[in-house]
1. When you scan region 342-351, do you find a residue that is out of contact with any strand residue (DSSP E or B) (no Cβ under 7 Å at 6 or more places or on another chain), at positive phi and open to solvent by 20 Å² or more (accessible area, probe 1.4 Å), even just one?
2. Which residues, counting only those in region 80-127, are assigned to a loop (DSSP other than H, G, I, E, B), farther than 30 Å from S338 by Cα and aliphatic (A, V, I, L, M)?
3. Take region 175-217 and flag every residue that is part of a loop (DSSP other than H, G, I, E, B), closer than 17 Å to F251 by Cα and open to solvent by less than 20 Å² (accessible area, probe 1.4 Å).
4. Which of the residues that make up region 296-310 are touching a Leu at 6+ places or on another chain (Cβ under 6 Å) and either open to solvent by 60 Å² or more (accessible area, probe 1.4 Å) or part of a strand (DSSP E or B) (or both)?
5. Write out, first by first residue and then by second, each pair whose Cβ atoms fall under 6 Å of each other, whose residues are 6+ apart or on separate chains, and whose first residue, in region 182-194, is at positive phi while the second is open to solvent by 50 Å² or more (accessible area, probe 1.4 Å) and outside any strand (DSSP E or B).
6. When you scan region 245-268, how many residues do you find that are open to solvent by less than 10 Å² (accessible area, probe 1.4 Å) and assigned to a strand (DSSP E or B)?
7. Can you go through G361, G318, G332 and tell me which one is modelled with pLDDT of 95 or more, open to solvent by less than 10 Å² (accessible area, probe 1.4 Å) and farther than 22 Å from L160 by Cα?
Amino acid sequence: MNTNIFLGSLALTSAIGLSGCDLIIGIEPWSAGGAGGQSVSTASTAETSSSGMTFLPPSLTAPVEAQILAPSHAYVSWQDGPIPPNVSVTSYQLCYTTGPLSGIVGDADCPNAALTTSRRNVLDPLSAKRSYALKVRTLFDDNSVSAWSVIRAFSTDDTLAGWWRMDGNSNDLSPFAHAGVLQNGAAYEAGLVDQALLLDGIDDQMTVANTNDHNFGTGDFTLAAWIFPLRDGVAEALITKRSSSNGYELFRTTGGQLAFFGSGCGIAAMGGSLPIDEWHRAAVVRAGGMIFLTIDGIAVGTGNCGDDFNNTSSLALGCNGQDIGCVEPFQGRIDEASIRTAASNDADLANDLCADLVQAGVDPLPSMCL
C-alpha cells in the first residue's frame, strides 16, 4: 500500500523513542463537573539516582486545552526534563484516571498504569462527558525514576455525531451508533489507520440513514476525513447530505482543491491542494455562519454560509447521495470520517490529526504535534 502522507478499555498507542518529563495539557482547575485550565501540583519530589544525580520531571505538552470535542481520542505528548550524565532513559510510566483526583495525586498512585518508550501517545477511545487526569514520569537504566510531572486534566463533551473508522466495518463509534451501509461494491482496503473505505469512482459509496444528528439547522458543525484520491480532472464528493433543494457537501474539485457547498449559499469556500496518491485530512468547520476549510490542520479557505441544513436525505461518503444520484463519485480511499455538532478550533483539529498520525505510525510528525 502507498501510505504517502504529506504535511488506540482506554488503550495507549505510542510511536517514537524518548528521555526526564513535564506533562502540559491546557486547562481549568479540576472540579466535580469536569476538568479545566490549570495543572495540579503533586507532593512528588525529584528522585536521586545511585550516582547522586537528581532527575527532574517531564513536561506534558498535549492535550493542549481543557475540553476535547466529543468522546473520540486524545493526543498526549511531553518533553523531557534535564537528564543527568551517565544515565539513559529506558521508558516512561503514564497514569490516568476518570475518577476522583485523589486517586492520582499521591506518589504511589498510578491508576491505569502504562509503560511506553515514546513521548507521543494516544488515549483511545475516550468516553463522552467525562473528566480525565494524567501524569507521567521517566524511568532510567540505573533503576531510578524522575519525579512525577504535574497532573494535567481535561474533559470531553458529547458533540460527536458520527465516527466511522472503516476498520473492516461501517460501525459508528459515536454514542449514537449510526452505522453505515456499503453500496454498489464498496469495500475495505489498507488505510491510513488500519483499514479504509475503498471506492471505485463509478457508484460506490457508504450511506447512513437520515437522522437529525446530521441535520445541523443553522448551527455549528465539523466534517472531517482522511482521503487518498486516485484521479484528477473531475469533481468528487467526500461527505454529503443533500436533497434536491437542501443540503451540504464537502468535496474535491476538478483541480484537486477542497471545497464546501451549501444548497442556498452555493460554493462557500474553496482552496488548498489534495494531490492524488497521498493521504490528507480534509475538514470543514462552520462557526457562527462562517466556513473554514483545513487540510492537515492548516487553513486553506474561508467563506460564509448560514444555510438551514435540514432534510430527510441519507448521509453519503464518496457520492452525492442516493436522493440526487451519484453524479460526483470519489475514486480512492476514505478513512477516519467524523461529524461533530460543534465548531472544532485549531487545537481540536490538531488533536485529531496528531492522534491519527501516531496511530498510523508516522514518523516524523508535523511540527504542530511536537
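The values are calculated or read from the model by the stated rules, or taken from the named source; none is laboratory data. None of these values were measured; they are calculated from a predicted model. All Cβ positions, glycine included, derive from the backbone under ideal geometry; neighbour counts span all protein chains shown. Heavy atoms of the whole protein, side chains included, go into the accessibility calculation; ligands, DNA and RNA do not. Shrake-Rupley method; radii C 1.70, N 1.55, O 1.52, S 1.80 Å.
1. No, the conditions are met nowhere in region 342-351.
2. I83, V87, I104, V105, A108
3. G201, D204
4. Answer for region 296-310, where residues must be touching a Leu at 6+ places or on another chain (Cβ under 6 Å) and either open to solvent by 60 Å² or more (accessible area, probe 1.4 Å) or part of a strand (DSSP E or B) (or both): V300, G301.
5. Once the first residue is at positive phi and sits in region 182-194, its partners that are open to solvent by 50 Å² or more (accessible area, probe 1.4 Å) and outside any strand (DSSP E or B) give N184/D203; D194/D167.
6. 9
7. Just one listed residue meets the conditions, G332.
For (1) modelled with pLDDT of 95 or more; (2) open to solvent by 10 Å² or more (accessible area, probe 1.4 Å); (3) assigned to a strand (DSSP E or B), each residue gets a yes or a no:
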position	(1), (2), (3)
G219	yes, yes, no
T240	yes, no, yes
M270	yes, yes, yes
L274	yes, no, no
